[in-house]
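**Q** Before I ask anything, here is the structure I am working with.
What follows is calculated from the coordinates using simple rules that are stated; it is not laboratory data. For clarity, every value in this text was computed on a predicted model and none was experimentally measured. Here Cβ is always computed from backbone atoms with ideal geometry, including for glycine, and neighbour counts include all displayed protein chains.
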Amino acid sequence: MSDSPIEDEPQSTDAAHDDPPAPEPKPRKAAKKFPSLKAGDLLSVLERKPLNYEIVRQAGSHRVMRAPNRPQILFSYHDGATVPPGLVRKILTRDVGLTDVEVWELLR
């Protein structure tokens, strides 16, 4: 008797190694990166048409702004400070309620 496997016996295979390969990840759409803005520039965007926000109350650097048919927002204004892109997007989309497309139209 030899130590070689018998030819009639089926070879066992490990099912874990026979999994199909993982699908290729879908390419993500390249989203436009929002710009950073100076606080005064962002305030100007909020105050001009079509948003028409107005400052109704101010305490120090905090300004409460209202516009017809829009939610009230609290804007912390520090003249000369740069508002980072993520915060610009948050203010204009989540707080004001604009879509990304509407924001890009305003920022042209």
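**Q** With +1 on the Cβ of every Lys and Arg and -1 on the Cβ of every Asp and Glu, and nothing else charged, how large is the dipole of segment 57-98 about its Cα centre, in debye rounded to the nearest 20?
**A** The calculated dipole for segment 57-98 is roughly 160 debye.
**Q** Between THR93 and SER61, what is the FRET efficiency for a Förster distance of 22 Å, r being their Cβ-Cβ separation, to the nearest 0.05? Show your work: numbers first, answer last.
**A** Values: r = 23 Å, r/R0 = 1.03.
E between THR93 and SER61, to the nearest 0.05, is 0.45.
**Q** Taking amide H atoms as placed 1.01 Å from N in the peptide plane, list the residues 5 or more away in sequence, or in a different chain, whose amide H sits under 5 Å from that of ARG63.
**A** The list, which skips near neighbours in sequence, is PHE75, SER76, TYR77.
**Q** Going by C-beta contacts inside 10 Å, put GLU105, GLU24 in order with the fewest on the left. Could the numbers behind the result be given before it?
**A** Values: GLU105 11, GLU24 6.
Lowest to highest Cβ neighbour count: GLU24, GLU105.
**Q** Across 10 Å bins from 0, what is the distribution of all Cα-Cα pair distances for segment 33-106, in whole percents?
**A** Whole-percent P(r) values from 0 Å outward: 20, 59, 21, 1.
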